[in-house]
(Lines give C-alpha, C1' and ligand atoms only; values in the text may rest on other atoms or scores of the structure.)
Protein backbone atom coordinates (compact mmCIF):
# COMPACT_ATOMS: atom_id res chain seq x y z
CA UNK A 1 0.00 0.00 0.00
CA UNK A 2 1.32 3.43 -0.90
CA UNK A 3 2.01 6.14 1.64
CA UNK A 4 -0.90 8.19 0.28
CA UNK A 5 -3.34 5.32 0.63
CA UNK A 6 -1.93 4.48 4.05
CA UNK A 7 -2.63 8.04 5.24
CA UNK A 8 -6.10 7.91 3.74
CA UNK A 9 -7.14 5.03 5.98
CA UNK A 10 -5.75 6.32 9.26
CA UNK A 11 -8.39 7.05 11.91
CA UNK A 12 -8.56 10.09 14.17
CA UNK A 13 -11.39 8.78 16.35
CA UNK A 14 -12.76 5.52 17.68
CA UNK A 15 -16.44 4.61 17.52
CA UNK A 16 -18.00 3.28 20.72
CA UNK A 17 -20.60 0.53 20.66
CA UNK A 18 -23.76 0.48 22.75
CA UNK A 19 -26.01 -2.55 22.34
CA UNK A 20 -26.08 -3.45 18.62
CA UNK A 21 -29.53 -3.92 17.14
CA UNK A 22 -31.26 -2.16 20.03
CA UNK A 23 -30.66 1.45 18.97
CA UNK A 24 -34.41 2.12 18.70
CA UNK A 25 -34.89 1.51 22.45
CA UNK A 26 -31.72 3.17 23.73
CA UNK A 27 -33.80 5.72 25.67
CA UNK A 28 -35.58 2.94 27.57
CA UNK A 29 -32.34 1.02 28.12
CA UNK A 30 -30.75 4.17 29.51
CA UNK A 31 -33.29 4.34 32.36
CA UNK A 32 -32.02 1.28 34.32
CA UNK A 33 -28.43 2.22 33.45
CA UNK A 34 -28.96 5.72 34.84
CA UNK A 35 -30.63 4.35 37.98
CA UNK A 36 -27.71 1.96 38.51
CA UNK A 37 -25.21 4.78 38.15
CA UNK A 38 -27.09 7.03 40.57
CA UNK A 39 -27.34 4.24 43.15
CA UNK A 40 -23.63 3.43 42.73
CA UNK A 41 -22.54 7.05 43.10
CA UNK A 42 -24.88 7.82 46.01
CA UNK A 43 -24.20 4.50 47.77
CA UNK A 44 -20.42 4.79 47.62
CA UNK A 45 -20.52 8.48 48.53
CA UNK A 46 -22.67 7.72 51.59
CA UNK A 47 -20.23 5.04 52.77
CA UNK A 48 -17.24 7.37 52.30
CA UNK A 49 -19.03 10.19 54.14
CA UNK A 50 -20.08 8.17 57.19
CA UNK A 51 -16.75 6.41 57.57
CA UNK A 52 -14.92 9.73 57.32
CA UNK A 53 -17.16 11.62 59.76
CA UNK A 54 -17.85 8.91 62.36
CA UNK A 55 -14.84 8.33 64.63
CA UNK A 56 -16.26 4.97 65.76
CA UNK A 57 -15.84 3.71 62.19
CA UNK A 58 -12.14 4.57 62.01
CA UNK A 59 -11.19 0.91 62.17
CA UNK A 60 -9.12 -1.07 59.63
CA UNK A 61 -12.08 -2.89 58.10
CA UNK A 62 -14.02 0.34 57.51
CA UNK A 63 -10.98 2.24 56.26
CA UNK A 64 -10.41 -0.47 53.66
CA UNK A 65 -14.12 -0.33 52.82
CA UNK A 66 -13.96 3.43 52.27
CA UNK A 67 -10.95 2.93 49.98
CA UNK A 68 -12.93 0.35 48.01
CA UNK A 69 -15.83 2.80 47.78
CA UNK A 70 -13.49 5.51 46.45
CA UNK A 71 -12.25 3.25 43.66
CA UNK A 72 -15.81 2.16 42.79
CA UNK A 73 -16.90 5.79 42.74
CA UNK A 74 -13.99 6.62 40.45
CA UNK A 75 -14.89 3.80 38.04
CA UNK A 76 -18.49 5.00 37.88
CA UNK A 77 -17.46 8.58 37.16
CA UNK A 78 -14.90 7.54 34.50
CA UNK A 79 -17.24 5.25 32.54
CA UNK A 80 -20.59 7.02 32.97
CA UNK A 81 -20.08 9.89 30.44
CA UNK A 82 -19.29 7.67 27.45
CA UNK A 83 -21.87 4.96 28.23
CA UNK A 84 -24.70 7.42 28.83
CA UNK A 85 -23.52 9.54 25.89
CA UNK A 86 -24.05 6.57 23.56
CA UNK A 87 -27.44 5.70 25.06
CA UNK A 88 -28.83 9.24 25.35
CA UNK A 89 -27.35 11.09 22.38
CA UNK A 90 -25.91 8.30 20.19
CA UNK A 91 -22.58 10.08 20.74
CA UNK A 92 -20.29 7.29 19.60
CA UNK A 93 -17.13 9.17 18.66
CA UNK A 94 -14.24 9.45 21.09
CA UNK A 95 -10.89 11.01 20.25
CA UNK A 96 -7.77 8.88 20.42
CA UNK A 97 -6.34 10.92 23.32
CA UNK A 98 -9.68 10.81 25.14
CA UNK A 99 -9.78 7.03 24.69
CA UNK A 100 -6.22 6.60 25.93
CA UNK A 101 -6.94 8.75 28.99
CA UNK A 102 -10.07 6.75 29.79
CA UNK A 103 -8.30 3.39 29.50
CA UNK A 104 -5.56 4.67 31.83
CA UNK A 105 -8.07 5.60 34.54
CA UNK A 106 -10.14 2.44 34.10
CA UNK A 107 -7.18 0.07 34.33
CA UNK A 108 -5.50 2.04 37.15
CA UNK A 109 -8.66 1.97 39.24
CA UNK A 110 -9.15 -1.72 38.51
CA UNK A 111 -5.59 -2.47 39.69
CA UNK A 112 -6.12 -0.39 42.82
CA UNK A 113 -9.43 -2.13 43.54
CA UNK A 114 -7.75 -5.53 43.19
CA UNK A 115 -5.11 -4.40 45.72
CA UNK A 116 -7.77 -3.15 48.12
CA UNK A 117 -9.60 -6.48 47.96
CA UNK A 118 -6.29 -8.16 48.83
CA UNK A 119 -5.83 -5.83 51.82
CA UNK A 120 -9.37 -6.62 52.96
CA UNK A 121 -8.57 -10.34 52.73
CA UNK A 122 -5.45 -9.68 54.83
CA UNK A 123 -7.65 -7.83 57.35
CA UNK A 124 -9.99 -10.83 57.64
CA UNK A 125 -7.00 -13.20 57.90
CA UNK A 126 -5.48 -11.26 60.82
CA UNK A 127 -8.87 -10.82 62.54
CA UNK A 128 -9.65 -14.55 62.45
CA UNK A 129 -6.23 -16.23 62.55
CA UNK A 130 -4.41 -13.83 64.89
CA UNK A 131 -7.06 -11.77 66.70
CA UNK A 132 -4.92 -10.90 69.73
CA UNK A 133 -2.42 -9.01 67.54
CA UNK A 134 -5.03 -7.43 65.25
CA UNK A 135 -4.77 -3.88 66.63
CA UNK A 136 -0.98 -4.00 66.91
CA UNK A 137 -0.54 -5.20 63.31
CA UNK A 138 -3.15 -3.05 61.56
CA UNK A 139 -2.32 0.36 62.99
CA UNK A 140 -3.59 3.50 61.23
CA UNK A 141 -0.12 4.59 60.00
CA UNK A 142 0.51 1.11 58.61
CA UNK A 143 -2.90 1.07 56.91
CA UNK A 144 -2.17 4.47 55.33
CA UNK A 145 1.15 3.17 53.97
CA UNK A 146 -0.51 0.05 52.59
CA UNK A 147 -3.18 2.12 50.85
CA UNK A 148 -0.51 4.42 49.40
CA UNK A 149 1.45 1.44 48.07
CA UNK A 150 -1.73 0.11 46.41
CA UNK A 151 -2.39 3.44 44.69
CA UNK A 152 1.22 3.87 43.56
CA UNK A 153 1.37 0.30 42.24
CA UNK A 154 -1.82 0.73 40.22
CA UNK A 155 -0.79 4.04 38.69
CA UNK A 156 2.85 3.07 38.06
CA UNK A 157 2.04 -0.21 36.30
CA UNK A 158 -0.68 1.29 34.09
CA UNK A 159 1.13 4.58 33.35
CA UNK A 160 3.03 3.17 30.29
CA UNK A 161 -0.14 1.87 28.61
CA UNK A 162 -1.39 5.17 27.10
CA UNK A 163 2.08 5.82 25.66
CA UNK A 164 2.33 2.27 24.29
CA UNK A 165 -0.93 2.69 22.36
CA UNK A 166 -0.32 6.33 21.45
CA UNK A 167 2.76 5.43 19.40
CA UNK A 168 0.63 3.46 16.93
CA UNK A 169 -1.26 4.59 13.87
CA UNK A 170 -4.78 3.20 13.60
CA UNK A 171 -5.89 2.18 10.13
CA UNK A 172 -8.03 -0.90 10.75
CA UNK A 173 -11.68 -1.03 11.83
CA UNK A 174 -12.12 1.69 14.44
CA UNK A 175 -15.29 0.35 16.10
CA UNK A 176 -14.79 -0.72 19.71
CA UNK A 177 -16.89 -3.49 21.28
CA UNK A 178 -17.93 -1.44 24.31
CA UNK A 179 -19.03 2.05 25.31
CA UNK A 180 -15.64 2.71 26.90
CA UNK A 181 -11.97 2.03 26.10
CA UNK A 182 -9.89 -0.94 27.23
CA UNK A 183 -6.24 -1.51 26.36
CA UNK A 184 -6.66 -5.10 25.17
CA UNK A 185 -9.24 -3.94 22.63
CA UNK A 186 -7.66 -0.66 21.49
CA UNK A 187 -4.29 -2.24 20.72
CA UNK A 188 -5.93 -4.65 18.26
CA UNK A 189 -6.95 -1.67 16.11
CA UNK A 190 -3.33 -0.68 15.44
CA UNK A 191 -1.79 -1.27 12.02
CA UNK A 192 1.53 -2.37 13.58
CA UNK A 193 3.12 -5.13 15.59
CA UNK A 194 1.42 -5.20 19.03
CA UNK A 195 3.64 -7.87 20.61
CA UNK A 196 5.11 -5.45 23.18
CA UNK A 197 1.65 -4.21 24.19
CA UNK A 198 0.33 -7.75 24.41
CA UNK A 199 3.20 -8.95 26.59
CA UNK A 200 3.17 -5.89 28.83
CA UNK A 201 -0.61 -6.00 29.29
CA UNK A 202 -0.49 -9.70 30.12
CA UNK A 203 2.40 -9.15 32.55
CA UNK A 204 0.54 -6.38 34.35
CA UNK A 205 -2.59 -8.54 34.59
CA UNK A 206 -0.60 -11.41 36.09
CA UNK A 207 1.33 -9.16 38.51
CA UNK A 208 -1.79 -7.43 39.77
CA UNK A 209 -5.05 -9.32 39.48
CA UNK A 210 -3.43 -12.72 38.98
CA UNK A 211 -1.12 -12.39 42.00
CA UNK A 212 -3.79 -10.67 44.13
CA UNK A 213 -6.42 -13.34 43.45
CA UNK A 214 -3.89 -16.06 44.28
CA UNK A 215 -3.00 -14.39 47.60
CA UNK A 216 -6.70 -13.87 48.40
CA UNK A 217 -7.31 -17.58 47.77
CA UNK A 218 -4.36 -18.46 50.00
CA UNK A 219 -5.62 -16.20 52.79
CA UNK A 220 -9.05 -17.85 52.70
CA UNK A 221 -7.49 -21.29 52.78
CA UNK A 222 -5.70 -20.24 55.99
CA UNK A 223 -8.93 -18.73 57.34
CA UNK A 224 -10.85 -21.93 56.59
CA UNK A 225 -8.16 -24.01 58.25
CA UNK A 226 -8.37 -21.84 61.38
CA UNK A 227 -12.18 -21.87 61.44
CA UNK A 228 -12.37 -25.66 61.04
CA UNK A 229 -10.06 -26.05 64.04
CA UNK A 230 -12.58 -24.21 66.24
CA UNK A 231 -14.69 -26.73 68.18
CA UNK A 232 -17.82 -24.58 68.43
CA UNK A 233 -19.98 -24.58 65.30
CA UNK A 234 -21.52 -21.28 66.34
CA UNK A 235 -18.11 -19.61 66.62
CA UNK A 236 -17.09 -21.02 63.23
CA UNK A 237 -20.20 -19.66 61.54
CA UNK A 238 -19.77 -16.31 63.26
CA UNK A 239 -16.18 -16.05 62.00
CA UNK A 240 -17.14 -17.02 58.45
CA UNK A 241 -20.06 -14.58 58.50
CA UNK A 242 -17.58 -11.69 58.81
CA UNK A 243 -16.10 -12.75 55.45
CA UNK A 244 -19.35 -12.92 53.45
CA UNK A 245 -19.32 -9.28 52.32
CA UNK A 246 -15.71 -9.48 51.20
CA UNK A 247 -16.26 -12.76 49.36
CA UNK A 248 -19.18 -11.20 47.48
CA UNK A 249 -17.01 -8.23 46.50
CA UNK A 250 -14.20 -10.56 45.35
CA UNK A 251 -16.51 -12.69 43.20
CA UNK A 252 -18.26 -9.65 41.70
CA UNK A 253 -14.91 -8.17 40.74
CA UNK A 254 -12.85 -11.14 39.55
CA UNK A 255 -15.37 -13.30 37.69
CA UNK A 256 -16.37 -10.67 35.06
CA UNK A 257 -12.78 -9.36 34.95
CA UNK A 258 -11.27 -12.77 34.22
CA UNK A 259 -14.05 -13.67 31.80
CA UNK A 260 -13.66 -10.46 29.81
CA UNK A 261 -9.86 -10.75 29.73
CA UNK A 262 -10.05 -14.32 28.44
CA UNK A 263 -12.59 -13.38 25.78
CA UNK A 264 -10.52 -10.43 24.53
CA UNK A 265 -7.32 -12.44 24.33
CA UNK A 266 -8.45 -15.93 23.37
CA UNK A 267 -12.17 -15.92 22.61
CA UNK A 268 -12.33 -14.79 19.00
CA UNK A 269 -15.20 -17.21 18.35
CA UNK A 270 -17.17 -16.26 21.47
CA UNK A 271 -20.60 -14.68 21.32
CA UNK A 272 -20.50 -10.95 20.58
CA UNK A 273 -23.45 -10.41 22.91
CA UNK A 274 -21.54 -12.20 25.69
CA UNK A 275 -18.63 -9.77 25.28
CA UNK A 276 -20.96 -6.78 25.56
CA UNK A 277 -22.92 -8.21 28.52
CA UNK A 278 -19.74 -9.08 30.45
CA UNK A 279 -18.36 -5.63 29.67
CA UNK A 280 -21.33 -3.91 31.30
CA UNK A 281 -21.33 -6.30 34.27
CA UNK A 282 -17.59 -5.66 34.66
CA UNK A 283 -18.11 -1.91 34.95
CA UNK A 284 -21.57 -1.47 36.47
CA UNK A 285 -22.24 -4.27 38.93
CA UNK A 286 -19.37 -4.07 41.50
CA UNK A 287 -19.79 -0.30 42.18
CA UNK A 288 -23.55 -0.87 42.44
CA UNK A 289 -23.60 -3.97 44.66
CA UNK A 290 -20.60 -3.44 46.95
CA UNK A 291 -22.09 -0.59 49.02
CA UNK A 292 -25.42 -2.43 49.29
CA UNK A 293 -23.82 -5.68 50.47
CA UNK A 294 -21.54 -3.96 53.00
CA UNK A 295 -24.33 -1.76 54.31
CA UNK A 296 -26.54 -4.81 54.88
CA UNK A 297 -23.86 -7.08 56.34
CA UNK A 298 -22.06 -4.53 58.53
CA UNK A 299 -24.31 -3.93 61.53
CA UNK A 300 -22.36 -0.93 62.83
CA UNK A 301 -22.39 0.84 59.47
CA UNK A 302 -26.03 -0.07 58.84
CA UNK A 303 -27.15 1.32 62.19
CA UNK A 304 -25.16 4.53 61.61
CA UNK A 305 -26.76 5.08 58.19
CA UNK A 306 -30.29 4.31 59.41
CA UNK A 307 -29.85 6.62 62.40
CA UNK A 308 -28.82 9.47 60.11
CA UNK A 309 -31.76 9.11 57.74
CA UNK A 310 -34.55 8.49 60.26
CA UNK A 311 -33.85 11.64 62.26
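The values are calculated or read from the model by the stated rules, or taken from the named source; none is laboratory data. Treat the numbers as computed from the prediction; the structure is a model and nothing was measured. Using ideal geometry, Cβ is built from the backbone for each residue, glycine included, and neighbour counts are taken over all protein chains shown.
Run down 29, 83, 94 and say which single residue is touching a residue at least 40 places away in the same chain (Cβ under 8 Å) and within 24 Å of residue 159 (Cβ to Cβ).
That would be 94, the only listed residue that is touching a residue at least 40 places away in the same chain (Cβ under 8 Å) and within 24 Å of residue 159 (Cβ to Cβ).
Taking the stretch 149-169 as the range and being touching a residue at least 40 places away in the same chain (Cβ under 8 Å), outside any helix (DSSP H, G or I) and farther than 18 Å from residue 114 by Cα as the test, only 169 passes.
Conditions tested, residue by residue: (1) over 19 Å from the mean Cα position of the chain (by Cα); (2) under 30 Å from residue 56 (Cβ atoms); (3) modelled with pLDDT of 80 or more; (4) surrounded by fewer than 17 Cβ atoms within 10 Å (Cβ to Cβ).
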residue: 254; (1), (2), (3), (4): no, no, yes, no
residue: 265; (1), (2), (3), (4): no, no, no, yes
residue: 268; (1), (2), (3), (4): yes, no, no, yes
residue: 271; (1), (2), (3), (4): yes, no, no, yes
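Just one of (1) assigned to a helix (DSSP H, G or I); (2) touching a residue at least 24 places away in the same chain (Cβ under 8 Å); (3) under 21 Å from the mean Cα position of the chain (by Cα) fails for residue 187. It is (2). Restricting attention to the stretch 170-184, the residues being within 18 Å of the chain's Cα centre (by Cα) and outside any loop (DSSP other than H, G, I, E, B) number 2. Screening 81, 32 for residues that are under 21 Å from the mean Cα position of the chain (by Cα) and within 30 Å of residue 304 (Cβ to Cβ) leaves exactly one candidate, 32. Each residue in the stretch 206-247 was checked for being modelled with pLDDT of 90 or more and over 18 Å from residue 122 (Cβ atoms), and 1 pass.
So, in the stretch 42-64, of the ones that are free of Cβ contacts under 8 Å to residues at least 40 places away in the same chain and assigned to a helix (DSSP H, G or I), which residue ends up farthest from the chain's Cα centre (by Cα)?
The initial filter retains those residues of the stretch 42-64 that are free of Cβ contacts under 8 Å to residues at least 40 places away in the same chain, namely 42, 45, 48-49, 52-53, 55, 59.
Then keep just the ones that are assigned to a helix (DSSP H, G or I); that gives 42, 45, 48-49, 52-53, 55.
On the way: 42: 17, 45: 16, 48: 17, 49: 21, 52: 22, 53: 25, 55: 28 Å.
So, considering only residues that are free of Cβ contacts under 8 Å to residues at least 40 places away in the same chain and assigned to a helix (DSSP H, G or I), the one farthest from the chain's Cα centre (by Cα) is 55.
Residue by residue, here is whether (1) buried (at least 23 other Cβ atoms within 10 Å of the Cβ); (2) touching a helix residue (DSSP H, G or I) at 6+ places or on another chain (Cβ under 7 Å) holds:
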{"position": "94", "(1), (2)": "yes, yes"}
{"position": "100", "(1), (2)": "no, yes"}
{"position": "114", "(1), (2)": "yes, yes"}
{"position": "120", "(1), (2)": "yes, yes"}
{"position": "125", "(1), (2)": "no, yes"}
{"position": "131", "(1), (2)": "no, no"}
